[in-house]
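The values are calculated or read from the model by the stated rules, or taken from the named source; none is laboratory data. Keep in mind that what you see is a predicted model, and the values were worked out from it rather than measured. Cβ placement follows ideal geometry from the backbone for every residue including glycine, while neighbour counts extend to all protein chains displayed. SASA here: full protein model, heavy atoms, side chains in, ligands and nucleic acids out. Shrake-Rupley method; radii C 1.70, N 1.55, O 1.52, S 1.80 Å.
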Amino acid sequence: MSEPAITKRSVLYCGVCTLPPEYCEFAASRKKCEEWLKDAHPAEYARLYNDQAITEKLAMTTLSEDRVAKEAAKMEKAMSKEEARMARELEKKMSSKVVIKRVERNKRKCVTSVFGLDVFGVDLKKTAKTFANHFACGGSVSKNPQGLDEIVVQGDFSDEILELICKKHPEVPRDNIELTEEKKPKKTEA
């Protein structure tokens, strides 16, 4: 007995919210999803968002007209709030900096601290472990004097850490990464 041939299906996913287009109406960025679908796949847009399809969807519901209008207004308000929140978060991300600081300790020893990666959604513990394994040194997450988390790596790896962050975390823009150096003032003997 022969088995039926397996055919490969291609599923269309939204370029904005990464859901199938049928579910974009439930995403926070519904308007952006509609615009993307209209530009990228006009036939699919016409199938989902023409007047007849919307009328059929509303006909299947058993809610009254005024209740439908209230629910639609409520959903529209929630969506606009969510879009505004996402825009604020994106603006906050783009304005924040990642600081890679080389801190000199006694004599020829130094540590490299990385601050600000958590704003971009980077898991600090995993990244500290990656740094420690990559550079064969100690790496940990600790609190800085401001009470915020930072990654501390033993050794002078500021340039290498910059390259590794750019390679492993493309969500962090290279323009937002800042290299600094902190030296202890030399003691003068009197």
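Provide the percentage of antiparallel DSSP beta bridges, counting only those with both residues in the chain; round to the nearest 5. So the antiparallel bridges in the chain amount to around 75 percent.
For Asp66, the solvent-accessible surface computed with a 1.4 Å probe is close to 90 Å², ligands and nucleic acids excluded. Take the Cβ atoms of Glu83 and Ala5, set R0 to 41 Å, and the FRET efficiency comes out at 0.40.
When +1 charges are put on Lys and Arg Cβ atoms and -1 charges on Asp and Glu Cβ atoms, the dipole computed for the chain relative to its Cα centre reaches about 1120 debye. Only protein heavy atoms count here; under a 1.4 Å probe, Glu82 has an accessible surface of about 60 Å². Annotation: His134 carries an accessible surface of approximately 110 Å², with a 1.4 Å probe and no ligand, DNA or RNA atoms counted.
Subtract the Cα-Cα distance of Ala136 and Asp159 from 0.36 nm times their separation in residues, and report this length gain in nm to one decimal.
On the way: separation 23, 0.36 × 23 = 8.28 nm, distance 1.57 nm.
Result for the pair: 6.7 nm of gain on full extension.
Put Ile177, Ile6 in order of accessible area, largest first, 1.4 Å probe: what do you get? Each step should come with its number before you reach the end.
Working: Ile177 25, Ile6 160 Å².
Listed by decreasing accessible area, they come as Ile6, Ile177.
With all protein chains in place and ligands, DNA and RNA left out, the 1.4 Å accessible area ranks Leu19, Leu164, Leu90 as Leu90, Leu19, Leu164, largest first.
Our estimate of slack between Leu12 and Lys109, defined as 0.36 nm per intervening residue step minus the Cα-Cα distance, is 29.5 nm.
With each run of n ≥ 4 DSSP H residues scored as -39500 (n - 2.57), what mean residue ellipticity at 222 nm is computed for the chain after dividing by its residue count and rounding to the nearest 500 deg cm²/dmol? All intermediate terms of the calculation are to be shown ahead of the outcome.
Working: 6 runs with 83 residues, N = 190.
That comes out to -14000 deg cm²/dmol.
Applying 1/(1 + (r/R0)^6) with R0 = 35 Å to the Cβ-Cβ distance of Lys70 and Ala46, what FRET efficiency is obtained, to the nearest 0.05?
Working: r = 28 Å, r/R0 = 0.81.
The calculated FRET efficiency here is 0.80.
Once the C-beta distance of Lys38 and Lys126 is scaled by a Förster radius of 30 Å, the resulting FRET efficiency is 0.15 to the nearest 0.05. Across Arg67, Arg30, Arg174, mean-square fluctuation computed from a Gaussian network of the chain (C-alpha pairs under 10 Å connected) peaks at Arg67.
How would Met79, Met94 line up by accessible area, probe 1.4 Å, largest first? Walk me through the numbers on the way to the answer.
Values: Met79 25, Met94 95 Å².
Of Met79, Met94, the descending order of accessible area is Met94, Met79.
Solvent-accessible surface of the range 95-183, averaged per residue with a 1.4 angstrom probe and all protein chains in place: 60 square angstrom.
If you sort the three axes of the alpha carbon gyration tensor as a ≥ b ≥ c, you get a/c of 1.5 or more for the range 108-170 and a/b no higher than b/c, which makes it oblate.
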